[in-house]
Amino acid sequence: MSVAGTYNTTVKSPMGDQSGTLTINDNGDGTFSGNMAGAMGSMDIASGTVEGNTIKWSMDMTVPMPMKLDCEATIDGDSLTGAVNAGAFGSMPLTGTRA
């Protein structure tokens with residue numbers, strides 16, 4: 001099954017659960033593009049890679065403060081589980097389901 005799709009996600013952050021929509025466009029060459037949108041705005045995916053059913057990417061957050069987020073998730077059917085690494089704030093659990 002392709003990793004491509006739209007996922008309704010939740011990141012368990014120090015500021016509480018952050019709901020969002022993760023859109024993944026599989027480029028078919030081991031890379032992907034897309035974005036994550038939520039209450040604090042939208043972030044474009046950078047350096048997206050696909051290895052089997054594991055995806056890795058980074059995003060540049062601007063709100064509430066500028067920060068690079070490094071993300072990794074595994075997709076199993078319609079479920080997504082992983083983590084968002086927010087530098088000094090540590091790793092935050094990421095879950096989602098295909099919309």
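The values are calculated or read from the model by the stated rules, or taken from the named source; none is laboratory data. Note that this is a predicted model, so its numbers are computed, not measured. Note that we place each Cβ from the backbone using ideal geometry, even for glycine, and neighbour counts take in every protein chain shown. With ligands, DNA and RNA removed, areas are computed over all heavy atoms of the protein, side chains included. Shrake-Rupley method; radii C 1.70, N 1.55, O 1.52, S 1.80 Å.
Each residue in segment 65-90 was checked for being exposed (fewer than 13 other Cβ atoms within 10 Å of the Cβ), farther than 19 Å from A4 by Cα and small (G, A, S), and 3 of them qualify.
Within segment 46-54, is even one residue surrounded by 13 or more Cβ atoms within 10 Å (Cβ to Cβ), at pLDDT 95 or above and under 9 Å from the mean Cα position of the chain (by Cα)? No; the residues of segment 46-54 include none that is surrounded by 13 or more Cβ atoms within 10 Å (Cβ to Cβ), at pLDDT 95 or above and under 9 Å from the mean Cα position of the chain (by Cα).
Among the residues of segment 1-37, those that are hydrophobic (A, V, I, L, M, F, W, C), farther than 20 Å from S91 by Cα and open to solvent by less than 30 Å² (accessible area, probe 1.4 Å) comprise V3, I24, F32. With respect to the conditions (1) hydroxyl-bearing (S, T, Y); (2) surrounded by fewer than 14 Cβ atoms within 10 Å (Cβ to Cβ); (3) touching a Gly at 6+ places or on another chain (Cβ under 9 Å); (4) modelled with pLDDT of 95 or more, T62 falls short on a single one, namely (4). State yes or no: is M40 modelled with pLDDT under 95 and either out of contact with any Pro (no Cβ under 6 Å at 6 or more places or on another chain) or surrounded by 15 or more Cβ atoms within 10 Å (Cβ to Cβ) (or both)? Answer is yes for this residue. All conditions in (1) in contact with a helix residue (DSSP H, G or I) (Cβ under 9 Å, 6 or more places away or on another chain); (2) open to solvent by less than 50 Å² (accessible area, probe 1.4 Å); (3) not small (G, A, S) hold for L94, with the sole exception of (1).
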